[in-house]
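Engineer: This is the structure I have questions about; it appears just below.
Taken together, the values in this text are just the output of simple stated rules run on the coordinates, not laboratory data. Because the structure is predicted, anything quoted here is derived from the model rather than measured. Cβ placement follows ideal geometry from the backbone for every residue including glycine, while neighbour counts extend to all protein chains displayed.
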Amino acid sequence: MLSFNADEQEALDSIMKDLVALQMSRRPRVSGYETMKNKDTGHPNRQSDVRIKFEHNGERRIIAFGRPVRYEDVEHKVTTVFGQPLDLHYMNNELSILLKNQDDLDKAIDILDRSSSMKSLRILLLSQDRNHTSSSPHSGVSRQVRIKPSQSAGDVNTIYQAPEPRSRHLSVSPLSTGAGSQIPFILKQAVLGDPKLTQI
């Protein structure tokens, strides 16, 4: 009986040691896995492919590219789909950046991966001739937009300022010359009850 209890205790001790050893052996692997997981999930919204929304002369097309996305592949795809080589301008809200090489494209994709609201990469396609004439066409458009309100504000000021002296001149001129100048005088005498009013 005592021998059975001793064997049972020894078996329990052996099981406990195995469990502790198993737990200890798993800890480094779990932490290592978590480290790799954190690296992989550094961009929680990262998708398996990269969806790029191209815009050119009002036409919009969404094309998916497998990772890693090569700059040359994007250029070739744009030329094939739109029939001509076009410059790639990354659009983010009001920001426009010309993508010149692989590094620029990788940075744009990194912004996409970090964003929780962006589902695709928006790229505005502009002809290379137009890009040479204007280094930043989008910024030029924004400058025009900023200029227009100032011009309209100046027009409004002109509209309100120009009639002002005219209205004053018109209101004064009937009182200064002509038979119309007698009308206020007659009304004033009528209010005061001047008996001479009947003679006029």
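Engineer: Going by the structure shown, is Glu59 surrounded by fewer than 13 Cβ atoms within 10 Å (Cβ to Cβ) and acidic (Asp, Glu)?
Structural biologist: Values: surrounded by fewer than 13 Cβ atoms within 10 Å (Cβ to Cβ): yes; acidic (Asp, Glu): yes.
Yes, satisfied.
Engineer: Please count how many residues of the stretch 68-96 are without any contact (Cβ under 8 Å) to a residue 24 or more places away in the chain, surrounded by fewer than 16 Cβ atoms within 10 Å (Cβ to Cβ) and touching a strand residue (DSSP E or B) at 6+ places or on another chain (Cβ under 8 Å).
Structural biologist: 3
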